[in-house]
1. For SER62, all conditions in the list (1) of a type outside the set (A, V, I, L, M); (2) modelled with pLDDT of 95 or more; (3) assigned to a helix (DSSP H, G or I) hold save one; what is the number of the exception?
2. For the range 266-325, enumerate the residues that are without any contact (Cβ under 8 Å) to a residue 40 or more places away in the chain and β-branched (Val, Ile, Thr).
3. I need a count of the residues in the range 112-144 that are of a type in the set (Ser, Thr, Tyr) and modelled with pLDDT of 95 or more.
4. Look at LYS187 and say whether it is among the basic types (Lys, Arg) and under 30 Å from GLU306 (Cα atoms).
5. Looking for something part of a helix (DSSP H, G or I) and of a type in the set (A, V, I, L, M) - is there at least one such residue anywhere in the range 299-309?
6. Check off (1) surrounded by 15 or more Cβ atoms within 10 Å (Cβ to Cβ); (2) modelled with pLDDT of 95 or more for THR180 and give me the number that stays unchecked.
7. List, please: which pairs have Cβ atoms under 7 Å, are six or more places apart or on different chains, and start with a residue in the range 88-112 that is assigned to a strand (DSSP E or B) and end with one that is of a type in the set (Gly, Ala, Ser)?
8. Only one of these is more than 13 Å from VAL143 (Cα to Cα), among the polar types (S, T, N, Q) and either in contact (Cβ under 8 Å) with a residue 24 or more places away in the chain or in contact with an Asp or Glu (Cβ under 9 Å, 6 or more places away or on another chain) (or both): THR233, THR180, THR208. Name it.
Amino acid sequence: MSQPFYHIRPNKHIDRYLFISCLNRLNSIVNIRKHRYIGFGSYYFDDFKQIHDELNITSMISLESDQTIFKRASFNVPYKCIKVVNQTSTDYISGSKWGKKKNIIWLDYNSPSDIATQFSDVAALTNIMNNNDVFRVTFNANVASLGSTEGSKEDPNKLKQFRLENLKTRIGEHFPTDITANDFTSKKYPLVILRCFKKMIEKLFVETKYDPRFLLPLFSTVYKDGQTMVTFTGIVLENHNDEKRIKKEFKDLNFVNFAWDKPSIINIPELTTKEILKINQLLPSKKAKKQLIEKFNFIFDDAESEIDSYISFYKYYPSFQMVNF
């Protein structure tokens, strides 16, 4: 079974780098180094390698449901501290003895048709997460994945309404009543998913004197490397003093905005080495946006969005090189 080469896609790379930067900053407050990392490593393990290398986390579990990929992942595992488990996330979450171990969990989903199951996984996970657990989830936010019905492609309003009803059927009670058919466009649909996700989480995390836990949103992103994806990252806390400390620690990291539905847009085209060098010579500068629009309009198709995104994240843009082993 083939899989996308996410490890060499620039926007996915930036999204992952933001997550690692966030974990590095959290480490000074909640001692991330002693956490266990749980994710979907496939057979490349890019996030696993980066988290181990930069944070020295030595307890890691990679979930892989496909038997063929499981065998390939077991062969390619880069470190002894990574255990590859041949299970779905649903089975692992429902069957694991979570205990008191602190965790970093990244459910990096890519199938848009399984969003109901994915929401259910998260709901089950909230019951067993511990204080200071860091939680991250990625959903496919390609609005076209909601399909179409006969005649809807010729009628945009009918198509939007069909897609609204489709998503509402899939996720049921988590669908906010104020979402309308006009929200089902390529640009707005990632926000629809975040709003649905927020409604579910806020219902599941209700602070009481018996269970004071709450999920503090850290940041979210929208990026596109082929398919549009939306991510959410948060941390489970049991008191608001920790919340104040975390917000103070992140005051200079702009993408961490503690908002549910104000994602950072990562929308950077693939660039050549020469283009990167020439563009970066203009950065950082307050005049950079105007200069980039004037000098490089042949590179940036969606000038406003792509240039704003590049100015925000140019330091994280990857440089891929060929290496002979």
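1. (3)
2. THR272, ILE279, ILE293, ILE299, ILE307, ILE311, VAL323
3. Residues flagged as of a type in the set (Ser, Thr, Tyr) and modelled with pLDDT of 95 or more within the range 112-144 amount to 3.
4. yes
5. yes
6. Failing condition for THR180: (1).
7. The qualifying pairs are TRP106/GLY39; LEU107/SER89; ASP108/GLY39.
8. Numbers: THR180 fails: either in contact (Cβ under 8 Å) with a residue 24 or more places away in the chain or in contact with an Asp or Glu (Cβ under 9 Å, 6 or more places away or on another chain) (or both); THR208 fails: either in contact (Cβ under 8 Å) with a residue 24 or more places away in the chain or in contact with an Asp or Glu (Cβ under 9 Å, 6 or more places away or on another chain) (or both).
Step by step, each of THR233, THR180, THR208 is checked, and only THR233 is more than 13 Å from VAL143 (Cα to Cα), among the polar types (S, T, N, Q) and either in contact (Cβ under 8 Å) with a residue 24 or more places away in the chain or in contact with an Asp or Glu (Cβ under 9 Å, 6 or more places away or on another chain) (or both).
The values are calculated or read from the model by the stated rules, or taken from the named source; none is laboratory data. Source: prediction; values computed, not measured. Cβ: placed from backbone, ideal geometry, glycine included. Neighbour counts: every protein chain shown.
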